[in-house]
Amino acid sequence: MYHAETWKEKATLLISILWPIMVTQLSLYAMNLVDTMMSGRVGTNDLAGVAIGSNIWLPIFTGLNGILLAVTPIIAQLMGRGQKKEITYSVMQALYLATGLGVVVLLIGSIILKPILQTMGLEAGVEHIAMHYLIGLSIGIIPLFLSNVLRNFFDGQGFTRITMFITIMAVPFNALLNYGFIFGNFGLPALGGIGAGYATAITYWIILFLSILMTFRISSVRNYRIFVDWVKPSLKAWKKQLGIGVPIGLSIFFESSIFSVVTLLMGTMFTAVTVAANQIALSFTTLMFMIPLSISMALTIVVGYSVGGKKLQAAKQYSVMGVLGGILFLATGAVFLYLFREPIAYLYTEDPEVVAMAGQFFIIAIFYQISDATQAGLQGALRGYTDVKIPFIIALISYWVIGIPSGFALSAYTDLGPFGLWVGITLGLTCAAIGFFTRLRIVQRRLEGKVTDTKMV
């Protein structure tokens with residue numbers, strides 16, 4: 001990390017941090033993609049069961065991981081201020097916090113998972129697969145949280161290539177484990193969609209092992225003596241991290257949960273064919289969203305580093321580059337998605353009815369993705385400023401007061417049917433983008449005013 005001066009230098013630095021994050025995010029999502037595609041090859045019930053299970057787990061994971069994401073801006077700002085000695089302490093406290101969060105999730109999940117699935121009124125086969133998929137996945141929850149702390153530790157310093165290397169190494173293991181557990185290869189039991197949960201859990205353990213190994217093997221990281229200089233757990237440190245992380249986690253939860261709620265509503269309001277088509281459309285469009293999401297994560301790092309070093313003009317310039325870059329990518333991707341929507345759907349299933357419906361979902365997705373790219377970039381910039389409380393309120397109103405209710409109303413009371421839920425998503429994301437843009441301008445002007453006042457004194 002360094003403080004770039006010209007636009008060209010800033011673009012070069014942003015890209016150098018961005019592309020490993022991009023490869024990492026695409027690789028991580030490839031695991032989910034493999035789960036979905038392989039499960040779909042077993043049968044429609046397996047695809048629908050994995051869809052329900054993953055959409056129950058996804059908002060929980062992304063919300064709690066958002067809490068741990070506080071490590072990234074904290075470390076980026078410490079680096080910008082030159083306070084490297086504080087980094088080891090912050091990371092160790094985050095590891096304790098991650099372990100605690102994992103234990104809580106397991107305890108709560110063991111109590112409420114079955115009642116939640118039973119209240120959804122799913123087909124018996126779909127409910128069974130969803131239930132046992134999540135049981136298998138639960139084996140990897142604690143290592144997943146721990147490895148994400150280490151990932152944020154690497155990324156916050158600009159060492160995004162370390163995470164990229166770890167994830168690339170893990171993806172082939174995930175594919176082979178899926179091939180074994182889903183179809184019964186390599187002497188493993190043929191569990192169908194349920195096997196995807198166990199394969200993913202084992203992969204999370206592999207990622208944790210590789211992450212810990214990197215803290216000892218890479219000299220620039222080894223100097224921080226993570227897992228060597230142990231510190232006592234500190235409620236004060238946890239409070240600081242939670243003060244930043246909880247609003248981030250809730251904001252991410254509110255966003256990711258709208259997609260999950262849409263899938264769950266599909267399961268209760270429509271047929272397994274509709275659920276499968278919806279999952280295909282969400283799966284591929286989420287894959288495309290990994291690019292704007294990666295830009296958002298890179299923005300948190302460079303903006304946080306610039307703010308820590310009091311380079312406010314640079315922080316503003318990074319924000320502009322990142323947000324416009326995300327919009328440009330998905331605008332280009334929209335053309336590809338429209339032209340190849342049915343061939344893409346056939347990658348997931350051979351059922352022509354599912355393919356036809358998925359193609360219609362893809363058309364609506366073209367519109368919501370532009371808003372999604374915009375709000376993601378703006379949120380990434382705001383996290384770099386560690387401004388998280390007001391964005392949390394904006395997310396809550398946009399997604400849950402506007403997005404979900406309007407989508408349900410359009411689906412239940414108009415001829416749009418299941419497509420009405422996606423129109424609601426589009427409305428929610430658009431409102432969020434407008435709200436985050438307004439908030440970013442306020443934060444930037446406020447900080448510039450403080451710098452001006454200091455100079456005058």
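The values are calculated or read from the model by the stated rules, or taken from the named source; none is laboratory data. Every value quoted in this text rests on a predicted model; they were computed, and no experiment measured them. In this analysis, Cβ positions are derived from the backbone assuming ideal geometry, glycine residues included, and neighbour counts consider all displayed protein chains. Accessible surface is based on the protein model in full, side chains and every heavy atom, while ligands, DNA and RNA are left aside. Shrake-Rupley method; radii C 1.70, N 1.55, O 1.52, S 1.80 Å.
Remarks
- For the range 127-235, a Kirkwood hydrodynamic radius built from all Cα pairs, placed in the Stokes-Einstein relation at 4 °C and 1.567 mPa s, yields a translational diffusion coefficient of 85 µm²/s.
- Cα gyration tensor shape for the range 61-217, rounded if a/c is under 1.5, else prolate or oblate: oblate
- Helix axis angle, 71-81 relative to the chain longest principal axis, alpha carbon, degrees: 20
- Ellipticity estimate at 222 nm from DSSP helix runs (n ≥ 4, -39,500 (n - 2.57)) divided over the chain, nearest 500: -29500 deg cm²/dmol
- Using distinct alpha-carbon pairs, which all enter the 1/r mean, Kirkwood radius of the range 347-457 in Å: 16.0
- Each residue of the range 30-39 was assigned a 3J(HN,Hα) from its phi angle through the Karplus curve 6.51 cos²θ - 1.76 cosθ + 1.60 (θ = phi - 60°); the sequence is 4, 5, 5, 5, 5, 3, 5, 5, 5, 5 Hz, with glycine and proline shown as x.
- Between the range 40-78 and the range 137-201, the alpha-carbon center distance in angstrom: 13
- Within the same chain, aspartates and glutamates fewer than 8 places from K316 are excluded, and of the rest, those with a Cα less than 18 Å from its Cα are E5, E9, D387, E448.
- Per the Debye calculation on the range 261-401 with a single equal scatterer at every Cα and no solvent contribution, log₁₀ I(q)/I(0) for q = 0.12, 0.19 Å⁻¹ amounts to -0.58, -1.05.
- Computed over the range 1-70, Kirkwood Rh from alpha-carbon pairs, angstrom: 15.0
- Accessible-area value, F165, 1.4 Å probe, nucleic acids and ligands omitted, Å²: 100
- Flagged links, alpha-carbon separation over 24 Å, of K8/K310; K114/K389; K232/K311; K85/K239: K114/K389; K232/K311
- Sorted largest first by accessible area at a 1.4 angstrom probe radius, with every protein chain in place, the residues W422, W238 fall in the order W238, W422.
- Alpha carbon centroid spacing (whole Å) that separates the range 318-335 from the range 211-267: 27
- Taking the longest Cα principal axis of the chain as reference, the axis of helix 141-156 is set at about 40 degrees.
- Stokes-Einstein diffusion coefficient of the chain, Kirkwood radius over Cα pairs, 20 °C, 1.002 mPa s, in µm²/s: 96
- Computed from the alpha carbon atoms alone, the convex hull of the range 183-335 holds 228 Å³ per residue.
- Distance between modelled label sites at I442 and K239, nm, 7 Å Cα→Cβ extension: 2.6
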